[in-house]
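Structure first, commentary second.
The values are calculated or read from the model by the stated rules, or taken from the named source; none is laboratory data. From a predicted model like this one, the values you see are computed outputs, not experimental measurements. Note: ideal-geometry Cβ built from the backbone for every residue, glycine included; neighbour counts use all protein chains shown. These accessible areas exclude ligands, DNA and RNA; they are computed on the full protein's heavy atoms, side chains included. Shrake-Rupley method; radii C 1.70, N 1.55, O 1.52, S 1.80 Å.
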Amino acid sequence: MGPLETARLALRSLALQKVRALLTMLGVVIGVAAVIAMLSISEGAKLETLEQIRVLGVNNLRVRSVKPVITERKEEEASRENWIFEYGLRFAELARFQTLLPDVELVVPLRELRKDVWAGDRKTDITVVGTSSHLAEILNYRAQAGRFLTPSDEESLRRVCVLGSGARRKLFRFQPWQGEDVKVGEAWFRVVGVMEDKSAKASGGINLPDLNNQIYVPYATAMGVYGATSVKETTGNFEAVKVEVDEAILRIRSEDRIVPVGRSLRHMLTRAHPQGDFEVIVPLELLHQSQRTQRTFTIVMASIAALSLLVGGIGIMNIMLANVAERKKEIGTRRALGARKRDIRRQFLMESVLLSLIGGLLGIALGAGGARLIQLAAGWQTLVSPFAVVLAFAVATAAGAVFGTWPAIKAASVDPIVALREE
Amino acid sequence: MSADPVVLFDRVGRVYEKGGLKVTALREASFAVHPGEYVSIMGPSGSGKSTMLHLLGLLDRPTSGSYRLNGTEVRELDDDARSSLRNRSIGFIFQSFNLFSQLDVVGNVEVPMSYAGVPRRERTRRAEALIEQVGLGHRRGHRPNELSGGEMQRVAIARALANDPALILADEPTGNLDSATAEAISAMLDDLHAKGRTIIMVTHNPELGARTGRTVRVRDGAILDGAA
Ligand SMILES: Nc1ncnc2c1ncn2[C@@H]1O[C@H](COP(=O)(O)OP(=O)(O)OP(=O)(O)O)[C@@H](O)[C@H]1O
Ligand SMILES: [Mg+2]
């Protein structure tokens, strides 16, 4: 009997007790489904990180101002009136990055203005960013209509703004924006352009804001109009905070210089900011970090997979042993009709392998479905990779072969004279 | 008789050992069955009929003596060789039919041929011809649990003939059938004999024994008469 024929016979035998077969493969189904679902989640997370790095620019570094922890002495100062809490990067510092670190090609400041953006008399959740004309270049972010900010906007302190695609919709719906003004806080800005749609989810390690929901104004204009100080009301207390630059994006000349430049930058900034009110983010490091977590995750997953397949395999072995005991008469009869021991061994091994193989297939379907559900419910990106499918399939099948061996050997050793025994 | 015997038992013995205790189930049994003979083996319970059937069917090995099947000495053959000889040379008919419940009628009749490596198409063709021959053409796609006892035994007879064996071994073939059906099966065996088949049948039933050409009587593991 060829393998195909053996498989056909095994399928027929399993089909005699479909419910039992299904219950037997349950362990493998659940094990494989768990592995597929988990692997798709981690693949999706990796993809998301990569996507964010791509949006941010592979050759870019970010430096962020971080609010330092307030010490006791400062707490006293803070209780005085008119005290302004000052921290973070200075605009003047940014130019020094470029002179001291020749690998830095471009520096773009970002200042998040905590101002309300008005659509008519309605507040929106659109955020305002003061930045330079290079932002478009550094993020590879293009205007879809009109233009982005220019150096002359900054030099002339023009009150102009460029809208993210989402902001444009919120402010004007489908009405034209040309020649219109937008009210930001108390000041008005003339719209000169609308940016292309740039999709990037605001999640994961990089914490990218949604570029589409922003409007961009010249950095110098913003500082001139609003200054660096902003006041925030928290539970009745007014807190005045002075930050010149919330974030700077640095473009590095070549990719292999990013990590060393990041290191030098940290050194430089630590000296200038002993209070540690900054953070250097190297996207490439994030990738490495995510790969490290990935590795841990993979080890954990592999252990769970191994364990569940062990349990599933033992389940298969258990049922197949019972099968052999119940089917002694069939085995004896087959032997009487001329089956060799190895024919019987193959027949029963095939049943075990088919059980785990079908279990593996069901598990893959269930796992992929589960991943899809998680994507829909939790909004996480997931990806069922062919590698995961092949791996799960191969391991499940191998488990069937390993755990089916003993029952198959037992089947082959059944004494053929049972064929003639009458119970 | 001129032709070489199909079965030649020469002082065949079978001793069971169970916890140091020796039970002689068959001692010094010598007999021959020639081509075309229809022989029954009869004897009281515990006399050694089943033991003889196991040995004849190559399901068990003698502990002494010599057994030639169609001229081949089988005592020293290994398990695979005996399986293959069994497959080609012996057709079994069982008391409780022993059909495979996962296969239909055609599938059941095909089993001995599939172990013989007969190609699929040829196998099906022959199986269908045999099923026609036992009068079950209208049942070829049915599963055993959809058949009556008599029909099942007819399928089993077709299956026993699948590889055109030199010897047919029947173990109480009508034991599980009502008398009318038993008569039909007996008639079918008579017919096979008439067509030149060599048949050995173990039975308790004297009427059935009387229909055969010769009866080998066994008692306490020894052949009383009918050896030749
Ligand atoms: N596996 C075995 N181990 C030990 N003794 C056995 C074994 N099989 C048979 N015997 C013994 O061998 C003797 C012959 O047994 P056998 O089964 O051949 O008798 P039988 O003629 O078929 O009887 P029945 O008509 O009841 O089926 C008996 O004494 C039996 O107890
Ligand atoms: Mg008996």
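Observations on the model:
- For the stretch A:60-253, the carbon plus sulfur part of the accessible surface works out to 49%, probe radius 1.4 Å.
- Neighbouring Cβ atoms from other chains, within 10 Å of the Cβ of residues in A:412-420, number 5 on average.
- Kirkwood hydrodynamic radius of chain A, from inverse mean 1/r over distinct Cα pairs, in Å: 26.7 Å
- Per-residue packing, averaged as other Cβ atoms within 10 Å, sorts the ranges B:4-10, A:369-375 into the order B:4-10, A:369-375, beginning with the highest.
- Under-5 Å amide H pairs with A:Phe278, H placed in peptide plane, nonlocal only: A:Val66
- Once you reduce the stretch A:297-322 and the stretch B:17-84 to the center of their Cα atoms, the two points are 47 Å from each other.
- Sites A:Ala398 and A:Arg292, calculated FRET efficiency, Cβ-Cβ separation with R0 35 Å, nearest 0.05: 0.75
- Most positive-pole-ward Cα, B:Asn108, B:Gln133, B:Gly36, against dipole of the stretch B:1-156 from beta carbon charges: B:Asn108
- Antiparallel content of DSSP bridges confined to the stretch A:60-253, in %, to 5: 75 percent
- Cut-off under 5 Å, modelled amide H: who pairs with B:Asn70 long-range: B:Val7, B:Leu8
- Once the C-beta distance of A:Leu157 and A:Glu105 is scaled by a Förster radius of 30 Å, the resulting FRET efficiency is 0.70 to the nearest 0.05.
- For chain B, the Cα-based Rg and Dmax, in that order, read 17.5, 55 Å.
- Take A:301-311, A:218-228, A:285-295 and order them by the average number of nearby Cβ atoms within 10 Å per residue, most first; the result is A:218-228, A:301-311, A:285-295.
- Cross-link reach list, aspartates and glutamates versus A:Lys123, counting only Cα pairs under 16 Å and skipping chain neighbours closer than eight places: A:Asp181, A:Glu186
- With contacts taken as Cα pairs under 8 Å at a separation of at least 6 residues, the stretch A:60-253 carries a relative contact order of 34 percent.
- Couplings for the stretch B:28-37, taken from phi via the Karplus curve 6.51 cos²θ - 1.76 cosθ + 1.60 with θ = phi - 60°, read 6, 7, 10, 6, 9, 10, 9, x, x, 7 Hz in order; Gly and Pro are left as x.
- Measuring between their Cα centroids, the stretch B:132-154 and the stretch A:145-186 lie 87 Å from each other.
- Which listed pairs, of A:Lys46/A:Lys67; B:Lys22/B:Lys49; A:Lys341/B:Lys18; A:Lys329/B:Lys22, have C-alpha distances above 22 Å, in listed order: A:Lys46/A:Lys67; A:Lys341/B:Lys18; A:Lys329/B:Lys22
- Whole-Å distance, taken between Cα centres, linking the stretch A:328-356 and the stretch A:86-102: 78 Å
- Cβ crowding within 10 Å averaged over residues, with A:337-346, B:38-47 ranked highest first: A:337-346, B:38-47
- Shielding by partners - mean other protein chain Cβ count within 10 Å, residues of A:51-57: 0
- Whole-percent carbon and sulfur share, accessible surface of chain B, 1.4 Å: 47 percent
- A/B buried area, accessible surface, summed, 1.4 Å probe, Å²: 2600 Å²
- Value in Å of the Kirkwood radius, where the stretch A:60-253 supplies the Cα pairs that are averaged: 17.8 Å
- Estimated FRET transfer efficiency (B:Tyr16, A:Val300; beta-carbon r; R0 41 Å; 0.05): 0.10
- Mean Kyte hydropathy of -1.0 or more with a Cα span along the axis of at least 30 Å, helices from DSSP in chain A: A:18-56, A:283-326, A:341-378, A:386-412
- Take each residue of peptide B:94-105, count the partner chain Cβ atoms within 10 Å of its Cβ, and average: the result is 5.
- Residues in the stretch A:8-28 that, when all protein chains are in place, have 30 Å² or more less accessible area than the chain alone would give (probe 1.4 Å): A:Arg8, A:Arg12, A:Leu16
- Across chain A, Cα pairs under 8 Å and at least six residues apart give a relative contact order of 30 percent.
- Solvent-accessible surface of chain A, averaged per residue with a 1.4 angstrom probe and all protein chains in place: 50 square angstrom.
- Dipole check for the stretch B:78-228: with +1 at the C-beta of Lys and Arg, -1 at the C-beta of Asp and Glu, and the Cα centre as origin, the magnitude is about 440 Debye.
- Mean separation of Cα contacts under 8 Å (6+ apart) over length of chain B, as relative contact order %: 30 percent
- Between amide H atoms placed 1.01 Å from N, distances below 5 Å from A:Glu239 occur with A:Lys232, A:Glu233, A:Thr234, all of them 5 or more places distant or on a separate chain.
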